[in-house]
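All remarks here apply to the structure that follows.
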Amino acid sequence: MGLFQKLVNLLGVGRKEVNVLVVGLNNSGKTTVVNSFKSEEDKMTDIVPTVGFNIEKFQNQNLAFTAFDMSGHGRYRDLWEHYYKECHGIIFVIDSSDRLRLVVVKEELDLLLQHPNICQKSIPILFFANKMDCKDALSSVKIAAALGLDKIMDKPWHISASNALTGEGLQEGVEWLTQQIRENLNVKH
Amino acid sequence: MSAFKRDKKEEEDSGGNPFQNIEKTSVLQEARIFNETSVNPRKCIPILTKLLYMLNQGEQLSAKEATDVFFAMTKLFQSKDVILRRLVYLGIKELSSIADDVIIVTSSLTKDMTGKEDIYRAAAIRALCSITDATMLQAIERYMKQAIVDRNPAVSSAALVSSLHMTKFAPEVVKRWVNEAQEAVNNENVMVQYHALGLLYHIRKTDRLAVTKLVARLTRMSLKSPYAVCMLIRIAAKLIEEEGADNSSPYFQYIESCFRHKSEMVVYEAAHAIVNLDRTTSRELAQAISVLQLFCGAPKPTLRFAAVRTLNQVAISHPAAVTACNLDLENLITDSNRSIATLAITTLLKTGAESSVDRLMKQIATFVSEISDEFKIVVVQAIRALALKFPRKHSVLMNFLSAMLRDEGGLEYKASIADTIITIIEDNPDAKETGLAHLCEFIEDCEHVSLAVRILNLLGKEGPKTKQPSRYIRFIYNRVILECPSIRAAAVSAMAQFGASCPELLENIQVLLARCQMDSDDEVRDRATYYSNILSKNDKSLYNNYILDTLQVSIPALERTLKEYIQNSTEEPFDIKAVPVVQISKPDEQDTKPKSEGMLISSGPTKTAPASREEQFAVRLSNLPDVQSLGPLFRSSEVIELTESETEYVVRCVKHCYARHVVLQFDCLNTLNDQLLENVRIQLEPSEGYKIVNQIPCPKLPYNETGTVYIVLQFPENDLPNSIGTFGAVLKFIVKDCDPATGLPDIDEGYDDEYMLEDLEVTLGDQIQKVSKANWGASWDEAESTFFEMEDTYALSSMNSLEEAVTNIIKFLGLQPQERSDKVPKGKTTHTLLLAGIFRGGIEVLVRAKLALADGVTMQLTVRSQNEGVSELITSAVG
């Protein structure tokens, strides 16, 4: 990050609003991830399964994020696509302790990547290998291999192991996402 | 806010409705702006307003359009603008029934409903409940319970009312919120208390005991909300009606104590409840009426209106009590509010003496042109009641009615006047000639086709019986020259009736009919040709069958059978006898109408009457195996209860009669929530001669559902006397205990059980369909030579009056009374009852019963029918 860019960020001149979509299977921790980005006074204390979606707002480096926290329940997964069109980035949350459903995760990911509103755009995808504190959690490398992330050529992606309860690993990931989205915006202008 | 202001300015500029020329496609196009990354409330608010306006104007969206705009709208949740958010709630409610996947906003709405922003919460609850279905309700149950007992009254009310709406699709879930509702009844806020009581009552209303407890508890604690007290009065009044309690019951005392309530609304409600009770005695009535009397002099027009409207309703049932208010009502005649004045006058007309009729009629005439159609109808109904009460005043009333007929007015208004004139004509022979003359004059200038057709039909029926039938011909023939095809056709039919009934006019009628055969419309030509042909035959029985008596089959059934006939190409000619005969609609349907108007709890808009009960049954039955081969359905009986209404299993029976078979339809209801019944069947012990042809059991009967068992029986062959019989019946089934919450059985194996039912009777009335003959006398005379006649005399010792005897005979025989012979003139000791009907298999039955009153009733019964056995059956069944 250049000195000038840092200055701009500091002064809040280049402040932009962007939409990100938070998806993933149910019980992977999407709402918890989004919750930990929020400022201290806005945080929810108890988190229940989302029905439909929630809209949350948070900031990172002068980029105002509007997160569409989608429900991961099987019944509602086909509703994600209604929100693909307007998003600037995707956060894909994976429960790294749930080995059994990793194939389901792969299936949903493939569907998402093949969707006409996604496949033509070069939008950044951030993967959180969540619940890294669990005993039998897979490492982020193993998950990347299992999902075949190395085959994604046309989109920037990044995987980081995280623990949404403590906030470990989240900041690193979201900083990468901010960087990517900012680059995309700069290219457009 | 700024957006609203701007809108207002635009409105002033253009001086009209800014939304006048909006188009669906352009609004949907504009709605795409909702999808933009950063939401601009100033742009979105007017668009959303337009969308809502459009939907409220009745514009229909397809499911795809609605879903697209719905999902676009969900993105507006990211804006924090208060006005925009509340518009989104409205939008969600509007689209919830059309768009797919509306549950997507569940979490967003739950967040708003539990959030800190009070202004969102109530509206979010209402929107949430409109998108929730029975399966999703579990997920939000916790929040609903919290909202019901919320400290904010708006939130609590919204939750309560929404719960009430949701009982429609998830009664079981809402039932679990009864404790919260109970707590809300103790709320300080008047609206919350009212809504909570409403929900509580709705949850418990099927359980009489619970309602009794509820009322007992609440009447002791003094409710703060006058609305809740009004509701409680209504519930108490309903309990009194159901239990048949008298004035010593605690409910009654509670209602009476409400007379001393400080709110006028409550006092009125109490008075209204008491005057509408079935069995109020004059003592309690006097108190209620005096309250209403006090209201008549109140300064508030609403109170005066309420009081006089109630007095008007009870004037018929309790005229003596209302007479006490006559002086106050006289004062209200000159009230500046026309509605109050109209009701006051019509009430006076109902209670007043014959001498005051002229004066009151003059009073009405002064302002009748100023009031709305709705109140004019009230006036007309009052005049009808008056005419029946004081037949001698018919000329004054008739003149007044004809003046009203000449005024401007809608169809309903004109129809009610015509109805009244027709009633007067039928009831009062003296008024017939003048009444017909007025109607003739009216059709000269009548813009309502249906009314003109009705009057022409009446002229055709009544005209030939007058002293000078020829004078009506001119009026009728004028219609042929001047009106539209449907009226011309009716006029042709009316003329033919004159031709058939008055031989001296026949020649002239033939000339007129010949001219009608040149008409431009084919229906008119067809009728003219048809009638002129029959009339040229000069055969009395042809006249009777094809001109005076019209077709008596049920029209939808005729359509159905004709369609079937055309589809299977057979050589046989179509048999009109195979078409079921139309059932004559009961006259008491009309009598109950005014009663329901004064009912305590509004039942919502009256449902449109189903096409025909028989027709619906016919369609259902024809889906059963084998039943199709039985021929057309002849008659379906009334529903008979075979159990007490509050037992474990409720069984109702409908008897469907066919030409040679009877199908018994048993509707069974399982009211035990911990039982699942399987293989439900009825074991029947038929009486002698009956044969069970087929049985269709009900495979499964879960809690609170109605299943149907059918049994097909064959009537005893060639043995008519035995067709009347009593059957023993037992309900048999396999019981499986199950979990009340899920309805799933605990174990796979069930055990057999049975349940005794009351005996079932197949009566004579079940086998006879009522028909009405236009000219009973002619048919009777004609039947003398061709039909089998039986005659017998009976002593009906248990009957004490002729009226009682007449109603019982009609009920027992199931025949239709003819020529208004079911009405016994007052003070007579003899009466002749004329009846007609069709026995199953299409056998015509005519019955004449001569009754004489002397120490019980003596009856001479003459039966004429096409079949000897049937005549015999009827005479023997009476004995």
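Read-outs: derived from the displayed coordinates by stated rules, not from any lab. The structure presented is a predicted model; accordingly, all values stated were derived computationally and were not measured. Note that we place each Cβ from the backbone using ideal geometry, even for glycine, and neighbour counts take in every protein chain shown.
One compactness figure for segment B:10-91 is 1.08, namely its Cα radius of gyration divided by 2.2 N^0.38 Å.
Net charge in the neighbourhood of B:LYS145 (other residues with Cβ under 11 Å of its Cβ; Lys, Arg +1, Asp, Glu -1) is -2. For chain B, the spread of Cα coordinates along the three principal axes comes to 90, 78, 64 Å, biggest extent given first. Only the Cβ atoms of Lys and Arg (+1) and of Asp and Glu (-1) were treated as charged; on that basis the dipole of the protein assembly as shown about its Cα centre amounts to roughly 3580 debye.
For a label point 7 Å from the Cα of A:LYS38 along Cα→C-beta, name the residues of segment A:149-163 whose backbone N is under 20 Å from it. Once the point is set 7 Å along Cα→Cβ of A:LYS38, A:163 turn out to lie under 20 Å by backbone N, inside segment A:149-163. Just to confirm the number: angle between the C-alpha axis of helix B:2-14 and the first principal axis of chain B, 0 to 90 degrees, nearest 10? Once rounded, the angle reads 50 degrees. For segment A:49-120, the equivalent ellipsoid derived from the alpha-carbon gyration tensor has semi-axes of 21, 16, 13 Å in decreasing order. Using the Cβ-Cβ distance between A:LYS16 and B:SER62 with R0 set to 45 Å, the FRET efficiency works out to roughly 0.75. Please state, as a whole number in µm²/s, the translational diffusion coefficient that the Stokes-Einstein equation yields for segment A:15-185 at 4 °C and 1.567 mPa s, with Rh defined as the Kirkwood radius across alpha carbon pairs. After rounding, the answer is 81 µm²/s. Summing Lys and Arg as +1 and Asp and Glu as -1 over all other residues whose Cβ lies under 12 Å from the Cβ of B:VAL82 gives a net charge of -1. Note on B:LEU209 and B:ASN538: the extension gain reaches 111.4 nm, defined as 0.36 nm multiplied by sequence separation minus the Cα-Cα distance. Cα-Cα over 20 Å: which of B:LYS175/B:LYS205; B:LYS168/B:LYS224; B:LYS205/B:LYS700; A:LYS57/A:LYS142; A:LYS121/A:LYS151; B:LYS116/B:LYS145? Checking Cα-Cα distances, B:LYS168/B:LYS224; B:LYS205/B:LYS700; A:LYS57/A:LYS142 exceed 20 Å.
Ranked by the mean number of other Cβ atoms within 10 Å per residue, highest first, peptides B:834-843, B:400-409 order as B:834-843, B:400-409. Toward the positive end of the charge dipole of chain B, about the Cα centre and with charges on Cβ (Lys, Arg +1; Asp, Glu -1), which of B:ASN186, B:TYR530, B:LEU436 goes farthest? Farthest towards the positive pole: B:ASN186.
Using the Cβ of A:LEU177 as centre and a radius below 13 Å, the other residues enclosed give a net charge of -1, where K and R count +1 and D and E count -1.
What would the Debye equation give as log₁₀ I(q)/I(0) for the protein assembly as shown at q = 0.06, 0.07, 0.08 Å⁻¹, counting only Cα atoms as equal point scatterers? For the protein assembly as shown at q = 0.06, 0.07, 0.08 Å⁻¹, log10 I(q)/I(0) is -0.74, -0.95, -1.14. Listed from fewest to most Cβ neighbours within 10 Å, the set B:MET231, B:MET136 follows the order B:MET136, B:MET231. The aspartates and glutamates within cross-link reach of A:LYS43, meaning a Cα-to-Cα straight distance under 18 Å and a gap of 8 or more places when in the same chain, are A:GLU56, A:ASP69, A:GLU168, B:ASP112, B:GLU117. Stretching the chain fully between B:ASP100 and B:TYR565 yields a gain of 163.0 nm (0.36 nm per residue, less the alpha carbon separation).
When the C-alpha to C-alpha distance is required to be over 19 Å, the pairs from B:LYS432/B:LYS773; B:LYS43/B:LYS80; B:LYS655/B:LYS823; B:LYS655/B:LYS770 that qualify are B:LYS432/B:LYS773; B:LYS655/B:LYS823.
The alpha carbon centroids of segment B:761-805 and segment B:289-345 are separated by 47 Å. Between B:GLU504 and B:LYS224, the simple spin-label model (points 7 angstrom out along Cα→Cβ) gives 8.4 nm. Maximal additional length on extending the B:ILE119-B:ASN545 stretch stands at 146.0 nm, based on 0.36 nm per residue less the C-alpha distance.
Summarising the label geometry, the points placed 7 Å from Cα in the beta-carbon direction at B:ALA245 and B:ASN399 lie 5.4 nm from one another. Among the residues of A:47-56, the average count of other protein chain beta-carbon atoms within 10 Å of the residue beta-carbon is 6. Charges were assigned to the Cβ only: +1 to each Lys and Arg, -1 to each Asp and Glu. The resulting dipole of chain B about its Cα centre is roughly 3280 debye. Under a model in which nothing but the beta-carbon of Lys, Arg (+1) and Asp, Glu (-1) is charged, segment A:46-189 shows a dipole of about 260 debye around its Cα centre.
Identify, among B:PRO18, B:SER871, B:THR280, the residue whose Cα sits farthest towards the positive end of the charge dipole of chain B, taking +1 on the Cβ of Lys and Arg and -1 on the Cβ of Asp and Glu, with the dipole about the Cα centre. Farthest towards the positive end: B:PRO18.
Projected label points at A:LEU100 and B:THR807, each 7 Å from Cα along the beta carbon direction, are separated by 7.2 nanometres.
With contributions of -39500 (n - 2.57) from each DSSP H run of at least four residues, the per-residue ellipticity at 222 nm computed over chain B stands at -16500 deg cm²/dmol.
Taking a straight line from the alpha carbon of B:LYS50, these lysines sit under 17 Å away, with near neighbours fewer than eight places off in the same chain left out: B:LYS5, B:LYS8, B:LYS9, B:LYS24, B:LYS93.
Distance from the C-alpha centroid of segment A:156-188 to that of segment B:346-384: 83 Å, rounded to the whole angstrom. Computed from Cα positions, the angle between helix B:555-567 and the longest principal axis of chain B comes to roughly 80 degrees.
If you plug the beta carbon distance of B:VAL511 and B:GLU572 into 1/(1 + (r/R0)^6) with R0 = 41 Å, you get a FRET efficiency near 0.55. For the segment A:69-78, counting C-beta atoms of other chains within 10 Å of every residue's C-beta and taking the mean gives 2.
Using only Cα atoms and rounding to the nearest 10 degrees, what angle (0 to 90) does helix B:338-351 make with the longest principal axis of chain B? Around 40 degrees separate the two axes.
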